[in-house]
Amino acid sequence: MSARYFAAVLGMGAAVCLAAPAEARHDNGPVSSQYEQNSPRYKSKAAQRNTKQARRGVQSRRAAQTRRAGSGKQARGRAAQTRTQAKRSAGMNKVASRAVTAGRSSGGGASRSCLTPAARGLLGRIEAQFGAVQVISTCRPGAKIRNTGRPSRHASGNAVDFNAGGRKAAIIAWLRANHHSGGTMTYARMNHIHVDIGPRFVSLNHGGRRG
């Protein structure tokens, strides 16, 4: 009896020892992995990763928006510059279309050096009184007075066209009071003034200009 009882006790002890590793393996297997994934610490790390990824996404979108906005501003700036240049060219063409002088002319342009001493002196007096002006046209060799065929005073260097800007009224008043050795002409809805050396005349808001 005692021998059989002792053998039975030994058998039960061996069974317990063999079963322990299996339970340990079971506790450290998939069940423990699921527990770790569901733990607050694991979730906190995952949330931090997600937050960082979201932050990087927002920063990338903002950078892209900034680049697009910068490109848009540059494009608008170029368009505005093009419009300004087009308006300036249109203004010059408008002056040319209103000119009383016509015919084939070459050279000269807006050079001051080609003017006669009298015309250059008149321009100097205007600028001494009102500051520098933008000269539009001076000498135009071969220019004729439109519809008459007579030489324009631009052809001989005795006429100047310039942009008076906001000083137009003041310059006209001064010319009427002080310029008695030539003509003064202005154009309707424009800031250009024509002055020349010759017979005195004053023609305001004209549709063209005399030679």
Carbon and sulfur: what percent of the range 134-211's accessible surface (1.4 Å probe)? 50 percent
Pairwise label distance in nanometres, R56 with A75, each label 7 Å out on the Cα-Cβ vector: 3.0 nm
Estimated vicinal HN-Hα couplings, Hz - the range 159-174 in sequence order (Karplus 6.51, -1.76, 1.60; Gly, Pro = x): 9, 9, 10, 9, 8, 8, x, x, 8, 3, 4, 5, 5, 4, 4, 5
Toy charge model, Lys and Arg Cβ at +1, Asp and Glu Cβ at -1: the range 142-196 dipole around Cα centroid in debye, rounded to 20, equals 140 debye
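The values are calculated or read from the model by the stated rules, or taken from the named source; none is laboratory data. Here the structure is a predicted model, which means the values were calculated and not measured. Glycine gets a Cβ as well: all are built from the backbone with ideal geometry, and neighbour counts include every protein chain shown. Ligands, DNA and RNA are stripped out before the accessible areas are found, and what is left, the full protein with its side chains, is counted by its heavy atoms. Shrake-Rupley method; radii C 1.70, N 1.55, O 1.52, S 1.80 Å.
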